[in-house]
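Some notes on the structure that comes next.
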Amino acid sequence: MNDFVTLIYVVTSIILVVSSIIVFITYREVKKVLNERISAAKKINSEGSTVKYHKTFFTLVNNNTSNSMLEDLILAIFLHSSTFIGVQPKKPSLQH
Amino acid sequence: MEHNKMRKKIWIKGLIWLLFSVIGSLLPFFINSSYLSLEKKVFFVDIFGEGGLFLVSTTLCLVSMGELMGIDYKDNIRIKSITILFVFCSILIIIFTTISYIFTLQHPLDKEILIKLAHWLFFVSAFFSTLSILFTEWAEILNSQGISL
């Protein structure tokens, strides 16, 4: 009887310690991942994904044939897709 | 989801669990002790002598185990492994509480030891089930955000 009680005390103490450590580590990692996402999203919103994407856009256009219809088409796709994913880009100028 | 919102959601879930499950399950014991105290001095043996705490502990662990088993892993191996570990621990605690309950009914001479054990097992199951509930909530948040650890 006493051995059984001792076994219960030992095993349950181990369970408590291990589960507390696991939950604490999980919480820290969840917090870290979420914070990274938030800071990345803030960075995109403040600097403007516009800058990054427009750079890509103009590089793409400059490296290919300079076709105004193509530019308009790509720009329209970009604006629509960025609106769809929740980014609010400034309307870029096509003067380059 | 912002970290503050996540923390608030988890706090609310934890508090609801503590209030309505852990403390709520002790309500019959509180009422019984109040009723007995009107007539005589109340001892722990009078309230917990029949092994009621073991039953409450078993229920708490079973409920949290049910919550754990309802987690959608979405191919997240880490969440799956932790869930399996927690379910295994829950089963261990349930086995201990059930055997202790049988001991309480079959061996009245060992009641002093068993009441101490009942308090310990209740603390363990309450703490562990709260951790399981919190973990379930995190897993749900991770799944909803599409984050894999």
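No lab work stands behind these numbers, since they all come straight from the coordinates. Here the structure is a predicted model, which means the values were calculated and not measured. Virtual Cβ from ideal backbone geometry, glycine too; neighbours counted across all protein chains shown.
Each label point is 7 Å from the Cα along the Cα-to-Cβ direction; what then is the distance between the points at B:Phe30 and B:Gln106, in nm?
3.5 nm
Please determine, in degrees from 0 to 90 and to the nearest 10, the orientation of helix B:3-17 with respect to the longest principal axis defined by the Cα atoms of chain B, where the helix direction is its Cα long axis.
30 degrees
Spelling out what I want: for every residue of the range A:23-35, take phi, set θ = phi - 60°, compute 6.51 cos²θ - 1.76 cosθ + 1.60 (Karplus), and round to whole Hz; glycine and proline get x.
Per residue, the Karplus-derived 3J(HN,Hα) values read 5, 5, 5, 4, 4, 5, 5, 4, 4, 4, 4, 5, 4 Hz.
Amide H neighbours of B:Glu50 under 5 Å, at least 5 residues apart or on other chains, H built in the peptide plane: list them.
Distant-sequence amide H within range of B:Glu50: zero hits.
So between B:Phe43 and B:Ile77, what do we pick up on full extension, going 0.36 nm a residue minus the alpha carbon distance?
7.4 nm
Just want to confirm a number: the relative contact order over chain B, from Cα pairs under 8 angstrom separated by 6+ residues, in percent.
The normalised contact order for chain B reaches 38 percent.
Could you give the longest part of chain B that holds none of the chymotrypsin sites (Phe, Trp or Tyr not before Pro) found in DSSP loops with at most 15 neighbouring Cβ atoms within 10 Å?
Value returned for the longest uninterrupted segment is B:74-149.
Per residue of the range B:116-125, what does 6.51 cos²θ - 1.76 cosθ + 1.60 with θ = phi - 60° give for ³J(HN,Hα)? Whole Hz please, x for Gly and Pro, Karplus curve as stated.
With coefficients 6.51, -1.76 and 1.60, one gets 4, 5, 4, 5, 5, 5, 5, 4, 4, 5 Hz.
Using helices alone, what [θ] at 222 nm do you get for chain B, with -39,500 (n - 2.57) per DSSP H run of 4 or more residues, divided over all residues and rounded to the nearest 500?
-26000 deg cm²/dmol
Which of the pairs B:Lys40/B:Lys111; A:Lys31/B:Lys116; B:Lys9/B:Lys80; B:Lys8/B:Lys116; B:Lys5/B:Lys80; B:Lys80/B:Lys111 have their Cα atoms more than 31 Å apart in this structure?
Beyond 31 Å between Cα atoms: A:Lys31/B:Lys116; B:Lys8/B:Lys116; B:Lys80/B:Lys111.
Convex hull over the alpha-carbon atoms of the range B:3-145: what's its volume per residue in Å³?
Here the figure is 105 Å³ per residue.
Working from Cα positions, state the angle (0 to 90°, nearest 10) between the long axis of helix B:52-69 and the longest principal axis of chain B.
10 degrees
What distance in nm separates the two pseudo spin-label positions at B:Asn143 and A:Tyr27, each 7 Å out from Cα along the beta-carbon direction?
Distance between label points: 2.2 nm.
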